[in-house]
Amino acid sequence: MNIYKYFTHPEQLDGYENRFRIPSIAYQAAQNGELAWEQAEPYIVKDPKSAYWYVLNVLKRRWPEAEPYIMKDPWLAYLYAHHIIQHRWPEAELYIMKDPWSAYWYAFDVLKHRWPKAEPYIIKDPKSASWYAFRVLKRRWPKAEPYIMKDPESIHKYAAYVLKARWPEAEPHIMKDPMASSYAIDVLNHRWREAEPYIGEDSVAWAQYAAEFGL
């Protein structure tokens with residue numbers, strides 16, 4: 001964040017002369033023409049976020065000097081592989097695979113197939129596991145189900161788009177959550193009377209449920 005822009009006389013503030021050592025300020029200054037990009041690069045290169053945006057918006061090509069820094073941020077490493085390299089980035093995979101959400105997207109967008117080495121990490125995050133089963137495996141993932149059923153939203157997605165059927169084992173975990181409304185509508189396709197006292201505690205969920213079933 002560039003705090004100096006909020007002051008009338010920023011040059012009087014401590015640290016003003018060395019402000020470009022802060023990567024985000026150096027990037028912004030170069031964007032505004034206050035600093036040449038070549039001068040900003042030594043400051044930007046070591047900050048994954050600033051380096052990624054510099055590559056994406058300015059260089060529009062790989063920046064090898066920044067890659068050892070970018071790869072240490074799993075989400076930015078996935079984005080860099082997807083948008084800049086546009087194919088697999090083996091050197092970064094050790095970092096990407098340990099972040100479930102980044103690993104799922106990397107498998108889906110970059111590898112475009114199953115990523116067995118990342119599955120021990122993906123499996124433990126309900127959201128990532130349900131999406132991975134739906135869009136990468138494209139089938140049921142039994143080993144992930146004990147984790148997926150811990151999150152009501154993921155239960156709904158997994159039942160609706162992967163199982164395409166009722167998931168009795170997970171119903172006690174979703175029944176007391178507002179997502180029970182969506183589960184009844186998209187999966188059961190009929191009223192879920194046992195869940196109605198809980199759905200009724202959420203006005204938005206109840207309105208959706210009541211409208212669907214004419215209550």
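The values are calculated or read from the model by the stated rules, or taken from the named source; none is laboratory data. Just so we're clear, the structure is a prediction, and the values are computed from it rather than from any experiment. Glycine gets a Cβ as well: all are built from the backbone with ideal geometry, and neighbour counts include every protein chain shown. Note: areas computed on protein heavy atoms with side chains; ligands, DNA, RNA excluded. Shrake-Rupley method; radii C 1.70, N 1.55, O 1.52, S 1.80 Å.
Out of region 161-177, which residues are within 20 Å of K138 (Cα to Cα) and part of a loop (DSSP other than H, G, I, E, B)?
If the condition is that a residue be within 20 Å of K138 (Cα to Cα) and part of a loop (DSSP other than H, G, I, E, B), then K164, A165, R166, W167 are the ones that fit.
All but one of (1) open to solvent by 20 Å² or more (accessible area, probe 1.4 Å); (2) under 30 Å from Y69 (Cβ atoms); (3) part of a helix (DSSP H, G or I) hold for A118; state the number of the condition that does not hold.
Among (1) open to solvent by 20 Å² or more (accessible area, probe 1.4 Å); (2) under 30 Å from Y69 (Cβ atoms); (3) part of a helix (DSSP H, G or I), the lone unmet condition for A118 is (1).
Can we say Y198 is aromatic (F, W, Y), closer than 27 Å to A103 by Cβ and in contact with a helix residue (DSSP H, G or I) (Cβ under 7 Å, 6 or more places away or on another chain)?
On the way: aromatic (F, W, Y): yes; closer than 27 Å to A103 by Cβ: no; in contact with a helix residue (DSSP H, G or I) (Cβ under 7 Å, 6 or more places away or on another chain): yes.
Here the answer is no, as Y198 does not meet what is asked.
So which residues in region 178-215 are of a type in the set (F, W, Y) and in a loop (DSSP other than H, G, I, E, B)?
Filtering region 178-215 down to residues of a type in the set (F, W, Y) leaves 183, 192, 198, 206, 209, 213.
Result: W192, single match.
Return the total of residues in region 145-160 being in a loop (DSSP other than H, G, I, E, B) and either surrounded by fewer than 19 Cβ atoms within 10 Å (Cβ to Cβ) or more than 20 Å from the chain's Cα centre (by Cα) (or both).
1
Out of (1) outside any helix (DSSP H, G or I); (2) surrounded by 21 or more Cβ atoms within 10 Å (Cβ to Cβ), the odd one out for H87 is which?
(2)
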